[in-house]
Amino acid sequence: MLIEVIKEDITKLQVDAIVNAANNSLLGGGGVDGAIHTAAGEELLKECRTLNGCKTGEAKITKGYKLPAKFVIHTVGPVWEGGKNSEDKLLANCYINSLKLAEENNLETIAFPAISTGVYGFPKERAAIIAVKNVWDFSKNTKNVRKVIFCVFDDASLLLYQKLLR
Ligand code: ADP
């Protein structure tokens, strides 16, 4: 399995699934969530309304509608509250549960944003270490997924992931 990092708007990626850093309602929000809903169109919100939300660390899948990506895997990262509220474990679960869903749906290529590192305030380097470790561990047992892309949005994160992947 390949693991790479790119600096790009995740809504532009032509992959089997992009992961959305959603909130518990799954009904849209700011940041990457807002960008995904805007690019996918109203139909995405309509499908999300049928899902009854999502618990932190869990993941749910929808179609991609107007996105170039075929599917969206919605996962809810933890809000950073200082690190003593199982934030590390919950963030790891986001990556693990999203990858499990991709496997179950026979998806081959999947792109992740840096979950929880925007308004949810998770320290970027700590989050990147968790992201890379969990994708790396998962890559040893994957059957369908053959490429994971870390899709970051700023130069500092690009350098950070490049360092960790080396
Ligand atoms: P959270 O609420 O989980 O913190 P945010 O959307 O606020 O989610 O931020 C998560 C990360 O996604 C941040 O690092 C932010 O820079 C990045 N981001 C925002 N918009 C996009 C986009 N269009 N494509 C990829 N990454 C994005």
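A few remarks follow.
- Label-to-label distance for N85 and D137 is 2.3 nm, based on points extended 7 Å past Cα in the beta-carbon direction.
- Note on T142, T11, T117, T38: ascending count of other Cβ atoms within 10 Å places them as T38, T142, T11, T117, the fewest first.
- Extension gain, L45 back to Q14 (0.36 nm per residue minus Cα-Cα distance, nm): 9.1 nm
- ³J(HN,Hα), Karplus 6.51/-1.76/1.60, whole Hz, each residue of segment 41-49, x for Gly, Pro: x, 4, 4, 5, 4, 4, 5, 4, 4
- FRET efficiency estimate (nearest 0.05) - Cβ-Cβ, I129 to K7, R0 22 angstrom: 0.75
- Legend: distances between Cα atoms for K55/K140; K84/K124; K7/K147; K89/K124; K55/K89; K66/K100; pairs beyond 22 Å are K55/K140; K66/K100.
- Normalised alpha carbon radius of gyration of segment 2-165 [divisor 2.2 N^0.38 Å]: 0.93
Taken together, the values in this text are just the output of simple stated rules run on the coordinates, not laboratory data. Keep in mind it's a predicted model, so treat the numbers as computed, not measured. As a convention, Cβ positions derive from the backbone with ideal geometry for all residues, glycine included, and neighbour counts pool all protein chains shown.
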